[in-house]
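Colleague: Sharing a structure below in structure tokens format, with a few things to ask.
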Amino acid sequence: MKRSSFFNFLLTGLLLSPGLMLAQKKPAVKFTGNNKTAETFTTAANTDLRLSSTGILRFSDMAQPLETQECVFVDPGKTFQTMIGIGGALTDASAETFAKLSKERQKEFLTAYYDKEKGIGYTLARTNINSCDFSSDSYTYVTDGDKDLKTFSIAHDRQYKIPFIKAAAGAAGGKLTLFVSPWSPPAWMKTNNSMLQGGKLKPEFMQSWASYYVRFIKAYEAEGIPVWGLTVQNEPMATQIWESCIFTAEEERDFIKNYLGPTLQKQAMGNKKLIAWDHNRDLIYQRAGTILSDPEAAKYVWGVGFHWYETWTGAGMNFENLKRVHEAFPDKNLIFTEGCVEKFNAEQVNEWRLGERYGTSILNDFNNGTAAWTDWNVLLDEKGGPNHVGNFCFAPVHADTKADKLIYTNSYYYLGHFSKFIQPGAKRIISSASRDNLQTTAFINPDGKIVVVVLNLTDEKLPYYLWIGGKAAETTSLPHSITTLIIK
């Protein structure tokens, strides 16, 4: 936060958090002069455009638009949440697939995702504590029955995952904002004596499990991998055929309040960002309301994480639920912690729906207050794995490990329209379309450049004006396209 901005906040008596939804009032931005330009980058169906530079727009005077003129209105004078980062999960599956590639192909992969100039500039990452479905097998870091965690060791992760995370961080310039998530405690800590098929944490092991997070974080940081935050439990309301563990809202609240929160504080980890829920948008308000309405639990919680798989149940996308959480708890943050297109089919890797799913979710998540966005596996093999329970899925990039080739789905490019151009520290600003056939969001970067993203899910070519401060630039949105416009 800039010093001048901080003094303004003090004068109003309001200390703003990064995730605050209410608009921060600033003096009106004067968009003057006739030399204003916008550089455009486009990805479009049935074309060769993939994050391609598609020209420079020039602004000219335009007072009151007519109702017959389609416009995207941008107002940088109203700012909202601050961007933390955009990225994807560095799982066992991604790490094992990466290890099968040649050095040349590994370099290509790292550049494609993490290079800010040649790639799409990922800055955020997630990884798993213990095994998950996208591991080759089930594993933990302690021997059975070791309540005091004397045998704790991350030796398993040193073969693939730790070198992979370090390589990604190096390609990102030496730093990635990393958070960590458990799918299941060790089987002997659970009521069903299995890491799979749900079950619950036994009461007598709650302190051991809380200490487990701390041991994991310390072990990773001893390896030179800083950990920014952690989620309490991946998908705590899903009994899965893979690693899973059930927490009701009340159980998660009490585990945070009585065990995990105090343990982090006692171990000098109170600065780690603790993220509740980590499941779908459908139940997010009920979960947030239960946990955050309890001051003794809420004081430990930085934010609420969510996934997008509620569409599998027929519940829809539920973007409004994010807005409700932000309205009710404006001092907490929203973070998208996982999403992917399920049921991998190699014949569908070129389908345009893959990217449009990402574009729709990212844009609407941001417009409803989300401050960080994390894709699921950054890399999977030609089968959509490896996965030890056959839950094969799509990733933005797949590797044909036999041919030593990377396959870029259009999801990669749709993600890049956000991650390449919207920088950590950017603030969301107003971007409003005059027709519902265009969707839009916008941010102002720390360097003052304005980033506008426009999404067209229709079959139509849509002319429109990009309007800001009484000036406008005329352009066209191609059918089934996404365009990023950089206003300098």
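The values are calculated or read from the model by the stated rules, or taken from the named source; none is laboratory data. Predicted, not measured: the structure shown is a model, and the values here were computed from it. In this analysis, Cβ positions are derived from the backbone assuming ideal geometry, glycine residues included, and neighbour counts consider all displayed protein chains.
Every residue, every condition in (1) among the aromatic types (Phe, Trp, Tyr); (2) under 20 Å from Ile120 (Cβ atoms), yes or no:
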{"residue": "Pro396", "(1), (2)": "no, yes"}
{"residue": "Thr401", "(1), (2)": "no, no"}
{"residue": "Gln423", "(1), (2)": "no, yes"}
{"residue": "Phe443", "(1), (2)": "yes, yes"}
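Colleague: Something else about it: Restricting attention to the range 305-360, report how many residues are among the charged types (D, E, K, R) and either in contact with a Ser or Thr (Cβ under 6 Å, 6 or more places away or on another chain) or assigned to a strand (DSSP E or B) (or both). Spell out how you get there, then give the answer.
Modeller: Narrowing the range 305-360 to residues among the charged types (D, E, K, R): 310, 320, 323-324, 327, 331-332, 338, 342-343, 347, 351, 353, 356-357.
Then keep just the ones that are either in contact with a Ser or Thr (Cβ under 6 Å, 6 or more places away or on another chain) or assigned to a strand (DSSP E or B) (or both); that gives 331, 338, 342.
Residues that pass the stated criteria total 3.
Colleague: Give just the number: which of (1) surrounded by fewer than 20 Cβ atoms within 10 Å (Cβ to Cβ); (2) under 17 Å from Tyr139 (Cβ atoms); (3) among the aromatic types (Phe, Trp, Tyr) does Phe216 not satisfy?
Modeller: Phe216 satisfies every listed condition except (1).
Colleague: Being aromatic (Phe, Trp, Tyr), buried (at least 23 other Cβ atoms within 10 Å of the Cβ) and touching a residue at least 12 places away in the same chain (Cβ under 8 Å) narrows it down to one of Tyr122, Tyr160, so name that one.
Modeller: On inspection, the qualifying residue turns out to be Tyr122.
Colleague: Which of the residues belonging to the range 261-289 are among the aromatic types (Phe, Trp, Tyr) and either farther than 18 Å from Lys323 by Cβ or assigned to a strand (DSSP E or B) (or both)?
Modeller: Hit for the range 261-289 is Trp277, nothing else.
Colleague: Same structure, new question: Looking for whichever is touching a strand residue (DSSP E or B) at 6+ places or on another chain (Cβ under 9 Å) and within 23 Å of Thr458 (Cβ to Cβ) here; the options are Thr374, Thr370, Thr360. Which one fits? If you could, list the steps in order and put the result at the bottom.
Modeller: Values: Thr374 fails: within 23 Å of Thr458 (Cβ to Cβ); Thr370 fails: within 23 Å of Thr458 (Cβ to Cβ).
Residue meeting the stated conditions: Thr360.
Colleague: What are the pairs, 6+ residues apart or on separate chains, where a residue within the range 290-304 that is in a loop (DSSP other than H, G, I, E, B) has its Cβ under 6 Å from a residue that is buried (at least 18 other Cβ atoms within 10 Å of the Cβ) and among the hydrophobic types (A, V, I, L, M, F, W, C)?
Modeller: Listed by first residue and then by second, the contacts come to Tyr300/Ile256; Tyr300/Leu274; Val301/Leu274; Val301/Ala276; Trp302/Leu274.
Colleague: What pairs come out if I take residues in the range 253-273 that are in the same structural domain as Gln207 (by TED's automatic domain parsing) and pair them with residues that are surrounded by 19 or more Cβ atoms within 10 Å (Cβ to Cβ) and among the basic types (Lys, Arg) whose C-beta lies under 7 Å away, six or more apart or interchain?
Modeller: Sorted first by the residue in the range 253-273, then by its partner, the pairs are Leu264/Lys272.
Colleague: Which one of the conditions (1) surrounded by 14 or more Cβ atoms within 10 Å (Cβ to Cβ); (2) modelled with pLDDT of 95 or more does Arg58 fail to meet, given that it meets all the rest?
Modeller: It fails just one condition, (1).
Colleague: In addition: For the range 243-281, which positions are surrounded by fewer than 22 Cβ atoms within 10 Å (Cβ to Cβ) and either in contact with an Asp or Glu (Cβ under 6 Å, 6 or more places away or on another chain) or at pLDDT below 95 (or both)?
Modeller: Lys257
Colleague: Let me ask another. Out of all the residues in the range 70-81, is one or more part of a loop (DSSP other than H, G, I, E, B), modelled with pLDDT of 95 or more, of a type outside the set (Lys, Arg) and in the same structural domain as Arg435 (by TED's automatic domain parsing)?
Modeller: Yes, because at least one residue in the range 70-81 is part of a loop (DSSP other than H, G, I, E, B), modelled with pLDDT of 95 or more, of a type outside the set (Lys, Arg) and in the same structural domain as Arg435 (by TED's automatic domain parsing).
Colleague: Something else: If a residue has to be touching a residue at least 40 places away in the same chain (Cβ under 8 Å) and farther than 16 Å from Thr79 by Cα to count, how many in the range 454-480 make the cut?
Modeller: Qualifying residue count, the range 454-480: 18.
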